Ligand SMILES: Cc1cc2nc3c(=O)[nH]c(=O)nc-3n(C[C@H](O)[C@H](O)[C@H](O)COP(=O)(O)OP(=O)(O)OC[C@H]3O[C@@H](n4cnc5c(N)ncnc54)[C@H](O)[C@@H]3O)c2cc1C
């Protein structure tokens, strides 16, 4: 086991919120900052969206006049901000445990092994993820191959390995429509989108934006269960007696906060939403612990999260100056 180094601030997550928080702290004179992330690169979710000729830009830069950019470019911008500082960044480092009272964080990585570090203040900026099949309850039936989440789709797309030609997408949020566009750009047919609600949750103006690349058909059902079909590979879904053919399924779930660490550390989270309980300053139930970005629930774009990280850092600064 290594370390026990003390920092002024530790940030869990090098996504837009974590980098926003780190930059604000750094620019305000806090020099001993550690950012920890389990990914091999800075940028969080945007870093998975590869820049491609003719590809789909799904991240907005509102502060630059409101234009869409590739996630990869957004992530590179975050990386360039950090590269001009001496903020310490530990990548490939999974945070496994926190101790709220000791204000310590335990992480592991292949190079350092197990490391325990502590700080005056800690920001949880671990983002959110899609609900898995079990959490989506209404998915029954087989578990063949070629059933994936949009995050896995992004990984395959990064490596030009998208295997689906006739896609069916379960869920109808913005991420679902972005996935449909991505698949079309990669050579697939227009997707079939199925959801257990009567209208898509993706707002109309965003659906119109994605029409530039694709025109998926939406099928809404007021049902509790949907069945995945296929023995070795997904061949379709059965909903309310209606069968939809496909050669691959992408699941785009509602987003839920990555708040498990808070739960482990006895920091209060709201059940069942799993949103950490915060006060108006984004301070968590334990002194010295803060939260920023998509861990706070809902669906927020990357730049919103970046500014939210900065806002949270403002509260961290006040806390550090008093302690
Ligand atoms: C699948 C998916 C697709 C999305 N697509 C879009 C899109 O196209 N456009 C858009 O505007 N928004 C999109 N979003 C919303 C997106 O989450 C936000 O835009 C933004 O990235 C949130 O910033 P964040 O910093 O809060 O979290 P994230 O970007 O999720 O960053 C959190 C970071 O914390 C790290 N982390 C989490 N837990 C641990 C741990 N235990 N130890 C170490 N590190 C940890 C993660 O590796 C990650 O890098 C998408 C979200 C998801 C889940």
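The values are calculated or read from the model by the stated rules, or taken from the named source; none is laboratory data. Fair warning: this is a prediction, and the values are worked out from it, not measured in the lab. Positions of Cβ are generated from backbone atoms using ideal geometry, with glycine treated the same way; all protein chains shown enter the neighbour counts.
Here region 268-323 is the region considered, the condition is being outside any helix (DSSP H, G or I), buried (at least 16 other Cβ atoms within 10 Å of the Cβ) and within 8 Å of the ligand (Cβ to nearest atom), and the residue that is farthest from the chain's Cα centre (by Cα) is 292. For residue 239, the conditions (1) more than 26 Å from residue 107 (Cα to Cα); (2) not assigned by TED's automatic domain parsing to the domain that holds residue 196 are fulfilled apart from (2).
Among the residues of region 119-135, those that are more than 10 Å from the ligand (Cβ to nearest atom), part of a strand (DSSP E or B) and farther than 14 Å from residue 296 by Cβ comprise 119, 120, 121, 122. Any residue at all in region 145-159 that's at pLDDT below 90, part of a loop (DSSP other than H, G, I, E, B) and more than 11 Å from the ligand (Cβ to nearest atom)? Scanning region 145-159 turns up at least one residue that is at pLDDT below 90, part of a loop (DSSP other than H, G, I, E, B) and more than 11 Å from the ligand (Cβ to nearest atom).
Search region 97-113 for residues being part of a loop (DSSP other than H, G, I, E, B) and in contact with a strand residue (DSSP E or B) (Cβ under 8 Å, 6 or more places away or on another chain), and hand back the single one that is surrounded by the fewest Cβ atoms within 10 Å (Cβ to Cβ). Before you say what the answer is, go through the steps one by one.
Taking region 97-113 and keeping what is part of a loop (DSSP other than H, G, I, E, B), we get 100-103, 110-112.
In the following step, the residues that additionally are in contact with a strand residue (DSSP E or B) (Cβ under 8 Å, 6 or more places away or on another chain) were identified as 100, 102-103, 112.
Details: 100: 18, 102: 10, 103: 21, 112: 14.
My answer is 102.
Exactly one residue among 116, 82 is part of a helix (DSSP H, G or I) and in contact with a strand residue (DSSP E or B) (Cβ under 8 Å, 6 or more places away or on another chain), and that residue is 82.
Given the structure, is residue 256 surrounded by 15 or more Cβ atoms within 10 Å (Cβ to Cβ), assigned to a strand (DSSP E or B) and either within 12 Å of the ligand (Cβ to nearest atom) or at positive phi (or both)? Against the criterion (surrounded by 15 or more Cβ atoms within 10 Å (Cβ to Cβ), assigned to a strand (DSSP E or B) and either within 12 Å of the ligand (Cβ to nearest atom) or at positive phi (or both)), residue 256 qualifies. Test residue 230 against the stated conditions and say whether it is in contact with a strand residue (DSSP E or B) (Cβ under 8 Å, 6 or more places away or on another chain) and under 20 Å from residue 141 (Cβ atoms). Yes: the conditions hold for residue 230. Counting the residues of region 3-60 that are away from the ligand (no atom under 12 Å from the Cβ), free of Cβ contacts under 8 Å to residues at least 40 places away in the same chain and touching a helix residue (DSSP H, G or I) at 6+ places or on another chain (Cβ under 7 Å) gives 1.
Within region 109-127, is there a residue that is over 23 Å from the mean Cα position of the chain (by Cα) and free of Cβ contacts under 8 Å to residues at least 40 places away in the same chain? Yes, region 109-127 has at least one match.
Does residue 188 satisfy the condition of being surrounded by 14 or more Cβ atoms within 10 Å (Cβ to Cβ), away from the ligand (no atom under 16 Å from the Cβ) and not assigned by TED's automatic domain parsing to the domain that holds residue 305?
yes
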